[in-house]
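These notes are about the structure you will find just below.
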Amino acid sequence: MSRGPESVFVTGLGAISPAGAGKERLWDDLCTTTARFEELKPIYPGMKPGILSGRVPESARVRAQELTGHRPSYGTARSASLFAEYAALEALGDAGFTPGHPALRNAVVCVGSSDGQADALEDVVAGRCDPADSGGYSSYSISDDVARAVGSVGPTFTVHNTCASANVALSCALEMLQAGVADTAVVGGVDPYSEKNLIGFNTLQAIGPHACRPFAKDRRYVTPSEGAGFLVLQTERSLTGARSPYAELLASAVNNDASHPTAPDPEGVASCHRMALAQAGLEESDIDVIFAHGTGSRANDSIEGAIFQERYPQAAITAIKGTVGHLMGAAGAVGAVASCMALERRLVPPTNIGHEDVELDINLVTGAPRSLPGLRHVQNNAFGFGGNNAISIFRSIT
Amino acid sequence: MCAVDQEQPPGEPPTGVPEDFHLVVGTAGDQFRDWFTRLCLYLVLQDEYERESGETVIIGTEYGNFGAMAGLQRTAAAKGRLMSAQYFPNALTSSASAFVNLAIGATGRNMTLNAAQLTPVVTLWQMLVALGKGSSSTGHLLIGDVYSPEALGDARREDAGLPCASGVTHARLSTGDDYSASFDFWQEDTSSTGSFPAGGRAWVVARGEGVVETAEPKEHLGRNGAFITAEFLRMLQGLGPGGSAVVECRATSGKRASVTVTKRSS
């Protein structure tokens, strides 16, 4: 599994999502296409009732508070810190570490988020909370909270690239480990329920009463969701052998369309695919599985699907947002967690639509999970408003 | 660098905006944009040169587009379904980056990052790594904040005494071997007396060949890393061959980071 001293491996995974607290709950829901969407109450004048959204269930919040000791200063705000700390600590335990372990002292902590501490900021703006009582809502406070939770005093920062944020965070962490800044990184993505986000998507008529149906002929809406995904990354020299890594992180490429504030650009998205493959030293034909961005919007799925149809006919495609919704800045993180679990289990969870509903001639996994005994390379796509594109590629270690 | 005084009556532009601002940036989208995006756009657009494809844009900021984000929420409460869909793209945490990329056609790596008071050093790191990997030959570094009332509320919650002056610094960097950089990240010893409060400082270590006058060390005690970054960049411009300068930032948590830049000897 060695490619040189700069090789970086995934040794721990954690997640919290509408499926509940824990990566196994996420995996179970993905494999059974169990969607737990609920109807939103209108949050501003004129918003229609019945819009679907995915929320982290109360039982999962309680579980997260028990593990993290996180006690919000008021209400349920600062959910981003709660979700991020939970997922990071789960990943840490999965990697065989306890908080404060010497290997974590100088660890890089990098968090990708689209909306940061949205709920706390929105409470302040709405006059529901005084800033002094908010617990803090600079996005840095999320990564700082994670760093404190895991026991790191190393480089700590939050990155924002809308819904591509988590893959950008992976890219930053990968580069820091390869440059020798540290041997361990705790990296992931998080986004909480955000009123501002829902208002924005509603003004674009992008959310509605029907669930996200990625790559379906009748797709119409994005289903906004919340949660976090985290990974522990380690350089090869720091591996102890206590736990076999899930995967090697080969690449995480980042570019920008510079084309339109909200609409994706086919050439920008295609270019990011080429960059990721070049960084990983692979060809399109090497990719066995793609966890698509697959938002269920007309524009995204048309562009992404056309690339899959033309360039990746052999790859098994899956899109998890039909099951867990769109976790915004955390989307790439739960995609990365699922990618690594797929590599470990040689199993691809299905997309939550029927085979007969697939629009393009793509190899979309539907129905039951697909077993792929020879699974070697998994690609994880994440794109966002503002022309943000980021793609990570993982390789099996066996 | 462009420094402004943001604390004006609602609806009024901040003082300190350059005279040619509207000539450079225009007024399109003004009702949706906040002053952080506007300053970033001004700084990159007034920098005239032959633009390349694949340029990198890295923005370091603590509060970024808080102004527009709060504005969207308030407008929705007031206007309801009559609110324009154009607010949303301007009211994301990385809106400034998106509109800078759009304005200059930058298709390379881009990101908006927040490392609290260590933001200048971490942003420089990201920029130099991006250029060093060869994916871009030109990069735009933008560091700073324009403090909305909500941003001030958060900043003063953490440290009421730390000044918050609005401003953004821009630098265009190109690939080459004229300079080398060395980074350091560390945690201050808790038993340290802490003679260096949160903020940043920059100084010349060696002025280099042919330089007679050394720039005075500079210190900025405040949240906004734009000011010390601007001082540091000026010091770099004044170095002779073999000269070097340092910028060091310290967070209220005791975390520190520094970068030492050395100009290649002739």
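Yes/no matrix, rows are residues, columns are (1) within 7 Å of another protein chain (Cβ to nearest Cβ); (2) buried (at least 24 other Cβ atoms within 10 Å of the Cβ):
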| site | (1), (2) |
| --- | --- |
| A:G151 | no, no |
| A:T156 | yes, yes |
| A:A182 | no, yes |
| A:V187 | no, yes |
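If you check B:A165 against the conditions, is it under 18 Å from the mean Cα position of the chain (by Cα) and either assigned by TED's automatic domain parsing to the domain that holds B:Q187 or surrounded by fewer than 21 Cβ atoms within 10 Å (Cβ to Cβ) (or both)? Yes; evaluated as a whole, the condition is true for this residue. Of the residues making up region A:364-374, those that are crowded, with 18+ Cβ neighbours inside 10 Å and part of a loop (DSSP other than H, G, I, E, B) are A:V365, A:P369, A:L372. Just one of the listed residues (B:T112, B:T123, B:T119, B:T107) is under 26 Å from B:A198 (Cα atoms), facing chain A (nearest Cβ under 7 Å) and of a type in the set (V, I, T), namely B:T112.
Flag set for B:R74, criterion: touching a helix residue (DSSP H, G or I) at 6+ places or on another chain (Cβ under 9 Å), closer than 21 Å to B:S148 by Cα, facing chain A (nearest Cβ under 9 Å) and among the basic types (K, R). Pairs linking a residue in region B:113-134 that is basic (K, R) to a residue that is surrounded by 24 or more Cβ atoms within 10 Å (Cβ to Cβ), with Cβ atoms under 7 Å and 6 or more positions apart or on different chains, do not occur.
Total residues in region B:245-261 satisfying the condition of being over 17 Å from the mean Cα position of the chain (by Cα) and buried (at least 21 other Cβ atoms within 10 Å of the Cβ): the figure is 3. Has region B:161-181 got at least one residue that is within 12 Å of another protein chain (Cβ to nearest Cβ), more than 30 Å from B:E12 (Cα to Cα), at pLDDT 95 or above and not in a helix (DSSP H, G or I)? Yes: region B:161-181 contains one or more residues that are within 12 Å of another protein chain (Cβ to nearest Cβ), more than 30 Å from B:E12 (Cα to Cα), at pLDDT 95 or above and not in a helix (DSSP H, G or I). Just to be sure before I move on: is A:L231 out of contact with any helix residue (DSSP H, G or I) (no Cβ under 8 Å at 6 or more places or on another chain), in contact (Cβ under 8 Å) with a residue 60 or more places away in the chain and within 22 Å of A:A166 (Cα to Cα) in the structure I sent? So A:L231 does not fit the description; no. Listed by position, the helices (runs of 4 or more DSSP H) enclosed by region A:238-325 that each have at least 1 residues that are crowded, with 24+ Cβ neighbours inside 10 Å and among the β-branched types (V, I, T) are A:321-324. Exactly one residue out of A:E344, A:E356 is surrounded by fewer than 24 Cβ atoms within 10 Å (Cβ to Cβ), outside any strand (DSSP E or B) and either in the same structural domain as A:D28 (by TED's automatic domain parsing) or free of Cβ contacts under 8 Å to residues at least 12 places away in the same chain (or both): that is A:E356.
For every residue, the table says whether it meets (1) part of a helix (DSSP H, G or I); (2) buried (at least 22 other Cβ atoms within 10 Å of the Cβ); (3) in the same structural domain as B:F99 (by TED's automatic domain parsing).
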residue: B:P13; (1), (2), (3): no, no, yes
residue: B:P18; (1), (2), (3): no, no, yes
residue: B:V24; (1), (2), (3): yes, no, yes
residue: B:F32; (1), (2), (3): no, no, yes
residue: B:T37; (1), (2), (3): yes, yes, yes
residue: B:L41; (1), (2), (3): yes, yes, yes
residue: B:D47; (1), (2), (3): no, no, yes
residue: B:S53; (1), (2), (3): no, no, yes
residue: B:I58; (1), (2), (3): no, yes, yes
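For residues that are within 8 Å of another protein chain (Cβ to nearest Cβ) and within 22 Å of the chain's Cα centre (by Cα), scanning just region A:200-220, find the one that is surrounded by the most Cβ atoms within 10 Å (Cβ to Cβ). That would be A:G200.
Looking across region B:14-34, the residues that are among the acidic types (D, E) and over 21 Å from B:A76 (Cα atoms) come down to B:E19, B:D20.
Checked against (1) touching a residue at least 60 places away in the same chain (Cβ under 8 Å); (2) of a type in the set (F, W, Y); (3) over 30 Å from A:Y44 (Cα atoms), B:F99 meets all criteria but (3). Meeting the requirement of 2 or more residues that are under 17 Å from the mean Cα position of the chain (by Cα), the helices (runs of 4 or more DSSP H) wholly within region B:68-155 are B:95-104, B:119-132.
When each of A:I199, A:I207 is tested for being outside any helix (DSSP H, G or I), within 30 Å of A:V124 (Cα to Cα) and modelled with pLDDT of 95 or more, the lone residue that passes is A:I207. Condition check for B:Y63 on (1) within 13 Å of chain A (Cβ to nearest Cβ); (2) free of Cβ contacts under 8 Å to residues at least 12 places away in the same chain: one failure, at (2).
Of all the listed residues (A:S143, A:S59, A:S81), the sole one being at pLDDT 95 or above, within 11 Å of another protein chain (Cβ to nearest Cβ) and in a helix (DSSP H, G or I) is A:S143.
The values are calculated or read from the model by the stated rules, or taken from the named source; none is laboratory data. Nothing here was measured: the structure is a model prediction, and the numbers come from that model. Glycine also receives a Cβ, built like all others from the backbone with ideal geometry; neighbour counts cover every protein chain displayed.
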